[in-house]
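This report refers to the structure that appears directly beneath it.
What follows draws every value from the coordinates through simple rules; no lab data is involved. This one's a predicted model, so the numbers in the text were calculated from it and none came from an experiment. Because the Cβ atoms are built from the backbone with ideal geometry, glycine has one as well, and the counts that use them run over all protein chains shown.
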Amino acid sequence: MKNKVKVVHTVFANVADKYDLMNDAMSGGVHRLWKDYFTQRAKPMPNSKCVDVAGGTGDIAFRLLRQLQRAPNGTGNITVFDINQSMLDVGMNRAQNDKSLDLNKLNWICGNAEALPFENNSFDLYTIAFGIRNCTHVDKVLSEAYRVLKPRGRFMCLEFSKVNGVIKPFYEFYSFQIIPVLGQVLASDYNSYKYLVESIRMFPDQQQFARMISDAGFTDVSYENLSLGICSIHTGVKK
Ligand code: SAM
């Protein structure tokens, strides 16, 4: 398992510079729509304290922040948390070049989702997008999410999932045959993209993952498939 931590670290250190370009290339831009929908559903209140775990280059955090900024006197803020400083550096750079973002409402912290450096009951909203499948112990990530949320705080996860049978053969062909080649052509990195595809295959299906979220103590657990299950949004509430 130590190996997975190392592999994940190397993958994201390798892809950080090209990460945003590759997301657009691999999904034909659709990842933007999934992220828009996810953050619209998250809908933080103006005074919400939010943490975006495995926040990478800030895609989710920036969308949440734009919602918070609609209430000019709100006291809400967002912590972008990720294990990989290279990804956070790209994100900080993006934030500095984006005049629509209030940088005072953003915090950037490097660390492991399995051992969060936050006190119990700290946040109203915990989001994690396309990150949890990269973590070695998903149960630890979930119990940490539960610990740092305030009572009635919300857990929201956007992750690749198991697709509907009709599109499965096309999806598998695209994932296993095309994506690593795109990785090679656009980012000179076949293996990192092969890893990303394999990590999707290894992740539990929608029902299994929902059970894990309930087992961590969350209530009102539910999920919604996006694009025929290519990814899904899982939600839960701290009791
Ligand atoms: N959430 C961003 C997005 O949707 O664009 C980034 C997703 S990227 C596919 C996955 C991120 O998970 C990477 O930035 C990686 O460094 C981070 N990650 C992997 N394992 C982690 C861990 N144990 N703790 C925190 N972050 C982790």
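Counted over the chain, the DSSP beta bridges are approximately 40% antiparallel.
Which shape class, rounded, prolate or oblate, goes with the range 138-182 when its Cα gyration tensor gives a ≥ b ≥ c as root eigenvalues, a/c under 1.5 marks rounded, and past that a/b bigger than b/c marks prolate? Prolate, since a/c reaches 1.5 and a/b exceeds b/c.
Can you sort 53, 141 so the residue with the fewest Cβ neighbours within 10 Å comes first? Write out the running numbers ahead of the final one.
Working: 53 29, 141 25.
Fewest to most other Cβ atoms nearby, the residues stand as 141, 53.
Taking other residues whose beta carbon is less than 9 angstrom from the beta carbon of residue 78, and scoring Lys, Arg as +1 and Asp, Glu as -1, yields +1.
About its Cα centre, what dipole magnitude does the chain give when the only charges are +1 on Lys and Arg Cβ and -1 on Asp and Glu Cβ, stated in debye to the nearest 20?
Working: 28 positive and 23 negative charges, 92 e Å.
That gives the chain a dipole magnitude of about 440 debye.
Please arrange 137, 234 by how many other C-beta atoms lie within 10 Å of their C-beta, fewest to most.
137, 234
All Cα-Cα separations within the range 34-146 were binned at 5 Å from zero, giving a P(r) of 2, 12, 24, 25, 22, 11, 3, 1, each value a whole percent of the pairs.
Across the range 73-206, what fraction of all alpha-carbon pairs, as a whole percent, falls in each successive 10 Å bin from zero upward? All Cα pairs considered, the percentages come to 10, 31, 33, 21, 4, 0. Remark: 219, 57 ranked as 219, 57, counting other beta-carbon atoms within 10 Å and listing the fewest first. Restriction of the GluC sites (Glu not before Pro) in the range 94-148 to DSSP coil positions whose beta-carbon has at most 16 other beta-carbons within 10 angstrom yields 119. What is the diffusion coefficient of the chain in µm²/s, taking the Kirkwood radius over Cα pairs and the Stokes-Einstein relation at 10 °C with a viscosity of 1.306 mPa s? Result for D is 88 µm²/s.
With the highest mean first, a sort of the peptides 104-110, 9-15 on other beta-carbon atoms found within 10 angstrom per residue produces 9-15, 104-110.
Which of the listed residues, 84, 149, 110, is farthest toward the dipole's positive end in the range 24-176, when Lys, Arg count +1 and Asp, Glu count -1 at the beta-carbon? Value: 149.
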